[in-house]
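Take a look at the structure below.
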Amino acid sequence: MLLIRQVRRQSFTLVELLFVITIIGIIAGLAFPAMGNVMTKANLLKAVSNGKNICTAAQTSAFDANSTGSANYGWPADVGTFPSAHDYFILLTKNDYLKVTDMKILSVPGIQAFPGQDPTQLSARYVAYGLGNVGENDDGSAIFLFTKNWKPTRTSGSALNPTDKPFGEKGFVVIHKGGDGNSYKKQDATGKLPDNSLGTVPVASPAFIFEPQGAAPGNAAGAPGGGGVTPDLAPDSPTPALAPEAPAAPAAPAADAPAPSAAQ
């Protein structure tokens, strides 16, 4: 009888079990948002690191352009007009300032990495950044890259949209021409430009070249202010489409066809 009582004392009642489950649920509910914030911060830091590497490639191309006098590579405003940011990244890759194997740095968690081997197939779906249209005459604080969930203008930034990749309303990243960069919070998105933190606005027009949110592979759809890549400057310019052939003239009557009879 004594043994039975001891066993009953060591077992959980249903109420106690439900209480433990409730406590575990509360702890998990508190922990998951914190874990999500940690992951977001890590992803933003990754975007800063990748953006700095892209900027290094652009700086190298600009240095070489100054040394050689070439107009085929360099800062975007000094090369041509680009319909979207990924057209400039294709140019960097075709001139070996970015390797095809390095093109994964154009993406961040939430944006699929480029899986191909042909850089001309790069499209917006594999790119996390918009482009500041900087040139040699812009100072180091000019905005060179920004994650495409933020859309700056000449006077201010825009509010973040929760559905925009890569970070929605969780934050955004800005990289300056000089190579430094930072991540920012939602409340910083509508800050006035130029700004000591966000950066200065490139002199060229358009000042910014935006990247579409979800273009299909190979789609070079651009954004406001974009034009075609200047054919004689950018080596990756598409071949102009040929005009359709004119329809053939009707065939002449055969030489031995009978002549119409004269009216009587």
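The values are calculated or read from the model by the stated rules, or taken from the named source; none is laboratory data. Note that this is a predicted model, so its numbers are computed, not measured. For neighbour counting, all protein chains shown are included, and Cβ atoms are generated from backbone atoms with ideal geometry for every residue, glycine included.
Scanning segment 9-42 for residues that are at pLDDT 75 or above and within 24 Å of PRO109 (Cα to Cα) yields a total of 6. Candidates GLY110, GLY168: the one that is under 18 Å from ASN50 (Cα atoms) and either of a type outside the set (A, V, I, L, M, F, W, C) or in contact with a Cys (Cβ under 6 Å, 6 or more places away or on another chain) (or both) is GLY110.
For (1) more than 23 Å from VAL201 (Cα to Cα); (2) over 15 Å from the mean Cα position of the chain (by Cα); (3) not in a helix (DSSP H, G or I), each residue gets a yes or a no:
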| site | (1), (2), (3) |
| --- | --- |
| SER61 | no, yes, no |
| ASP64 | yes, yes, no |
| SER67 | yes, yes, no |
| ALA77 | no, yes, no |
| PRO83 | no, no, yes |
| HIS86 | no, no, no |
| PHE89 | no, no, no |
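Checking each residue of segment 115-126 against the condition of being touching a residue at least 12 places away in the same chain (Cβ under 8 Å), β-branched (Val, Ile, Thr) and surrounded by 22 or more Cβ atoms within 10 Å (Cβ to Cβ) gives no match. Of the residues examined, LYS104 is not one that is under 13 Å from ALA58 (Cα atoms) and among the basic types (Lys, Arg). Only a single item in (1) surrounded by fewer than 19 Cβ atoms within 10 Å (Cβ to Cβ); (2) in contact with a Gly (Cβ under 9 Å, 6 or more places away or on another chain); (3) within 22 Å of LYS46 (Cβ to Cβ); (4) of a type outside the set (A, V, I, L, M) is not met by ASP164, and it is number (2).
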